[in-house]
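First the structure, in the form of structure tokens, and then the observations on it.
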Amino acid sequence: MSLALRSVLILTTVLSNWAYEVPTAQVKVFSPKGFEVSIPHEEGISLFAFHGKLNEDFDGLEAGRWSRDIPSAKRGRWTFRDRETILKVGDTLYYWTYVIYNGLGYREDDKAYVVTSYPSNTK
């Protein structure tokens, strides 16, 4: 195997191990209505997008009931907010997120959050 080919294989292996991973989203449910989904800010993030459906899983990569780009972070978090939807205990929020990090797009797919209770500090 030539030195050039070996170098390319090593570089590919190193870069694939350093691939960016979208931060795991934090979901907060409010009573009597509303919820938010957010990720922490990291240097290099220039956009966060949330796509979600209520009690219905995604069929491939689709927009969903909620499909919103968040162009800026506030108070150290990139946050999607819905102030109108009433989520009940037992409801499942299916979602995927998308982040532009250092000019490239990355997704975190096939996520689900089941409402088990309401927090004591609701909005």
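The values are calculated or read from the model by the stated rules, or taken from the named source; none is laboratory data. Predicted model, so just to flag it, every value in this text is computed and none were measured. Cβ coordinates were reconstructed from backbone atoms using ideal geometry, including for glycine residues, and neighbour counts include every protein chain displayed. Remember, those area values only see protein heavy atoms, side chains included, never the ligands or the DNA or RNA. Shrake-Rupley method; radii C 1.70, N 1.55, O 1.52, S 1.80 Å.
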(Q) For the stretch 51-68, which positions are assigned to a strand (DSSP E or B) and farther than 15 Å from LYS33 by Cβ? (A) HIS51, GLY52, LYS53, SER67, ARG68
Q: Consider LYS53 carefully, then state whether it is touching a strand residue (DSSP E or B) at 6+ places or on another chain (Cβ under 6 Å) and over 23 Å from ALA19 (Cα atoms).
A: yes
Q: Evaluate the following for ARG107: is it surrounded by fewer than 17 Cβ atoms within 10 Å (Cβ to Cβ) and closer than 25 Å to PRO32 by Cα?
A: no
Q: Tell me which residues, restricted to the stretch 69-106, are over 19 Å from PRO23 (Cβ atoms) and outside any strand (DSSP E or B).
A: ARG83, GLU84, THR85, ILE86, LEU87, LYS88, VAL89, GLY90, ASP91
Q: State whether the residues of the stretch 49-72 include one that is free of Cβ contacts under 8 Å to residues at least 12 places away in the same chain, within 20 Å of ARG107 (Cβ to Cβ), surrounded by fewer than 18 Cβ atoms within 10 Å (Cβ to Cβ) and not small (Gly, Ala, Ser).
A: yes
Q | Cβ-Cβ under 7 Å pairs, at least 6 apart or on other chains, the stretch 91-117 side without any contact (Cβ under 8 Å) to a residue 60 or more places away in the chain, far side open to solvent by 60 Å² or more (accessible area, probe 1.4 Å) and part of a loop (DSSP other than H, G, I, E, B) | A | ASP91/ASN55; THR92/ASN55; TYR94/GLU56; TYR94/ASP57; THR116/VAL89; SER117/VAL89
Q | Single residue of the stretch 73-91 satisfying the filter (out of contact with any strand residue (DSSP E or B) (no Cβ under 8 Å at 6 or more places or on another chain) and at negative phi) that is surrounded by the fewest Cβ atoms within 10 Å (Cβ to Cβ) | A | GLU84
